[in-house]
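Structure, as structure tokens:
Taken together, the values in this text are just the output of simple stated rules run on the coordinates, not laboratory data. Computed from a predicted model, the values in this text were never measured in an experiment. Here the Cβ is made from the backbone with ideal geometry for all residues, glycine too, and neighbour counts use every protein chain on show.
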Amino acid sequence: MDKQGPVKGKAMNELAVLEDATIMIKDGKIDWIGATEDAVDIQADKTIDAKGKLVTPGLVEPHTHLVFGGSREEEMALKQQGVPYLEILERGGGILSTVNATREASQEELLEKALFHLDRMAAHGITTVEAKSGYGLDRQTELKQLNVAKQANEKHPLDIVSTFLGAHAIPPEYKKDPETFLNIMSDMFAEIKAENLAEFVDIFTETGVFTVDQSRRYLQKAKEHGFGVKIHADEIDPLGGTELAVETGAISGDHLAVASDEGIRQLAASDTIGVILPGTSFYLGKDTYAPARKMIDQGTAVAISTDFNPGSSVTENLQLIMSIAALKLKLSPAEIWHAVTVNAAHAIGKGDVAGSITKGKKADVVVWDAPNYMYLPYHYGVNHANTVIKNGEVLYERQAILPIKENI
Ligand code: NIG
Ligand code: FE
């Protein structure tokens, strides 16, 4: 797995796999990788025996809503009764209910909760995470969320890439005046940049949220302030967000569940990465999944993600999403591995340091309780991580309840 990415189209199905390999780590970085028989004169302070086990780069999670207050388990009954996601939002629930909980929570409470979710991600083999704001929808709370992501990055071993998603919904106080609301959010760009609180700016381009025109103008301003841009595009209604992602040179277009054929064509011809979030289709009970198969067949670099958030995809387990990608998106195991490593890293601007086991990159490596790379999507819904290494340090080790030898 030493390919430099992003890996596009058909190449996603060509995985570099070494049998019987050795990885050497020095000063938190990959120092060497190759055939074990070539690894002569190894003098290591510590060795980890991964015999018979799959070893991969740490998973990269390119799209989460990590920092939020509260939870929304009561919405599940509404969804079961068939109330659509956008209608729950229209009624003041959904994202807006999390906005209330996030406004009420203290910075300390939000940090504690974010660290808890990060621990769970780490235990599931994730070593780099993107985290969006967007549950404040006012200056003070958006800054609170961004500061929590910053603190979490400092305190937690996982690397966090921060995205400003102030344009996640229209708060009730600006329901009739979304333009003013967007101006308030874009007025924060200079400060966020100066304080290094986010690397990317994202917007939810959707019916009842922000139009394509509003999104275009907002993202243009973000680019003028030096931000990379991302879009929640064509998630529920096909508005042309995929085309807008290409037009604005977004680093990624995310969701793309109902992207048009023209959007797919443009995406394939661009450098924008398609970040696909099949957990949301699954969790919102939709029959429509993003046309990821078509995208890859036409040449797109695809990444996949949990979209971890309290409403449309409530899981930190990217391994589960890998299985959904196999079952519903019809991606091959090789494509899925590229989608959760090198392409995911490039989708958040970390392709030079994460996403593959390459000399000089961060030593973010996972040993799995799996005999080969095809096994993870196949055996679904559980955690296969055996040992998770972040920057060369063991972060998580699976504990046997009764060591097997004693058990026999
Ligand atoms: O990516 N689509 C908009 N935002 C999130 C959901 C957020 C929520 O429901 O709290 C998403 O699906
Ligand atoms: Fe999202």
(request) Taking the Cα centre of the chain as origin, sum charge times position over the Cβ atoms of Lys and Arg (+1) and Asp and Glu (-1), and report the length of that vector in debye to the nearest 20. (result) 280 debye
(request) Run the dipole for the stretch 35-98 about the Cα centre, Lys and Arg Cβ at +1, Asp and Glu Cβ at -1, nothing else charged, and hand back the magnitude in debye, nearest 20. (result) 260 debye
(request) Using a/c under 1.5 as the rounded threshold, could you call the stretch 63-215 rounded, prolate or oblate? The axes a ≥ b ≥ c are square roots of the C-alpha gyration tensor eigenvalues, and prolate needs a/b larger than b/c, oblate otherwise. (result) oblate
(request) Compute the long axis of helix 212-224 from its Cα atoms, compare it with the longest principal axis of the Cα atoms of the chain, and write down the angle in degrees, 0 to 90, nearest 10. (result) 60 degrees
(message) Need the C-alpha centroid separation for the stretch 32-72 versus the stretch 86-158, integer Å.
(response) 26 Å
(request) With a point put 7 Å past each Cα toward its Cβ, work out how far GLU262 is from ARG216 in nm, to one decimal. (result) 1.2 nm
(message) For a Förster distance of 56 Å, can you work out the FRET efficiency between the beta-carbons of ILE184 and GLU397, rounded to the nearest 0.05?
(response) 0.75
(request) Return the long-range amide H neighbours of ALA301 (sequence gap of 5 or more, or a different chain), with a cut-off of under 5 Å between placed amide H atoms. (result) GLY9, GLY274
(request) Return the percentage of antiparallel bridges among DSSP beta bridges fully within the chain, rounded to the nearest 5 %. (result) 40 percent
(request) Grab the beta carbon distance between VAL382 and ALA44, set R0 = 25 Å, and tell me the FRET efficiency rounded to 0.05. (result) 0.20
(request) Using packing as a proxy for protection, rank 159-171, 33-45, 5-17 so that the peptide with the highest average count of other Cβ atoms within 10 Å comes first. (result) 159-171, 5-17, 33-45
(request) Given the peptides 180-187, 242-249, 126-133, arrange them by the average over their residues of other C-beta atoms within 10 Å, most packed first. (result) 126-133, 242-249, 180-187
(request) Label the stretch 216-352 by shape, choosing from rounded, prolate and oblate, from the square roots a ≥ b ≥ c of the eigenvalues of the Cα gyration tensor; if a/c is under 1.5 it is rounded, and otherwise prolate applies when a/b is larger than b/c, oblate when it is not. (result) rounded
(request) Positive end of the charge dipole of the chain (Lys, Arg +1 and Asp, Glu -1 on Cβ, about the Cα centre): tell me which of ALA325, GLY136, GLN81 has its Cα farthest that way. (result) ALA325
(message) Tell me the angle of helix 107-123 to the major Cα principal axis of the chain, expressed in degrees between 0 and 90 and rounded to the nearest ten.
(response) 40 degrees
(request) Check the stretch 176-270 and count each lysine pair with an alpha-carbon distance under 22 angstrom, considering only pairs eight or more places apart or from different chains. (result) 4
